[in-house]
Every structure is written in structure tokens, then in C-alpha cells.
1. Among the residues of region 96-121 satisfying the criterion of being hydrophobic (A, V, I, L, M, F, W, C) and over 21 Å from K10 (Cβ atoms), which is modelled with the highest pLDDT?
2. Which of the residues spanning region 62-87 are part of a strand (DSSP E or B), surrounded by fewer than 12 Cβ atoms within 10 Å (Cβ to Cβ) and modelled with pLDDT under 95?
3. Hey, among D93, D59, which residue is at pLDDT below 90 and closer than 19 Å to A12 by Cα?
4. Considering region 13-54 alone, what residues qualify as being among the small types (G, A, S) and at pLDDT 90 or above?
Amino acid sequence: MAAIGPVELKIAVKGTSASVNVVYEIAFDSYDQNSNQSYVEVCRVIGDDTATGDVPGEDTTIGFLTPMFVTDTRSDGKPTLKRTWKKAFRVSDLDEDRGTNVDEIRALVTLTPVLPAATKRESNLVAKKF
């Protein structure tokens with residue numbers, strides 16, 4: 001199974017805009033390399049609420065750095081894949097503790113294996129004039 005190396009988060013604020021940059025490396029094992037196993041990859045920025053005075057367990061997703069539905073993360077025979085995701089946020093969106101409290105921001109990266117055989121099913125057809 002693929003492993004995620006250390007995740008580095010940098011936030012640069014300029015005026016009312018913040019540039020969020022996340023860098024990490026994915027290491028693929030021999031199975032991933034030989035089978036070209038696909039993964040759904042998600043990199044999100046979250047507000048961490050584990051500091052003193054914060055309500056535990058209330059971490060919230062601020063936004064996603066990966067495009068939606070990234071399901072083609074695979075080794076293509078290589079042992080590692082370096083990732084860099086960048087996105088601009090409004091500074092106010094990063095104010096997850098509203099008020100004068102210091103905000104704690106983390107990046108969370110998740111890799112979920114895609115089954116060897118994809119399956120899909122459609123819903124019923126709805127015909128309606130909107």
C-alpha cells in the first residue's frame with residue numbers, strides 16, 4: 001500500500017489573500033508499482049481545534065487543495081511521486097477560531113485505494129422541465 005511522507009504546510013498572507021502551499025511525497029510499494037494500483041487522493045486544509053480552550057473533536061474542513069475526484073494517483077512504475085498543491089484563500093476563510101484566538105491550520109492528505117475493478121450504477125431518469 002502507498003505511504004504518505006511528511007506533509008509540509010506553508011501559508012503566506014498578503015493583504016486579504018493567503019497562499020496555501022502543501023508539499024509531500026507518496027511512496028509506492030512493489031504491488032502498487034507492478035499493478036499500477038490507482039488511489040483517490042485528497043488534500044484538504046482543516047482548522048485544528050485541539051489547542052487549550054478549543055472544543056475537542058470539532059476540526060473543520062476549510063477547503064480542498066486537490067481538484068475534485070482525483071482518482072488516478074498511481075505509480076506508473078515509479079517508486080515515488082512528489083506532490084505540490086497550491087491554492088489561494090481569503091484570509092477570513094482561514095479564521096477558523098473567529099475572533100482574537102490564534103488559528104491552528106493543518107493539511108490532511110488521504111489516499112484510498114480504488115478497487116481493481118471499477119463498478120458503477122446510475123439512478124433512475126428524471127425528466128422534468130426546470
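1. Here the answer is L111.
2. none
3. Just one listed residue meets the conditions, D93.
4. Correct list: G15, S17, A18, S19, A27, S30, S35, S38.
The values are calculated or read from the model by the stated rules, or taken from the named source; none is laboratory data. Small disclaimer: the values here were computed from a predicted structure and weren't measured. Neighbour counts are summed over all protein chains in view; Cβ atoms, including those assigned to glycine, are modelled from backbone coordinates with ideal geometry.
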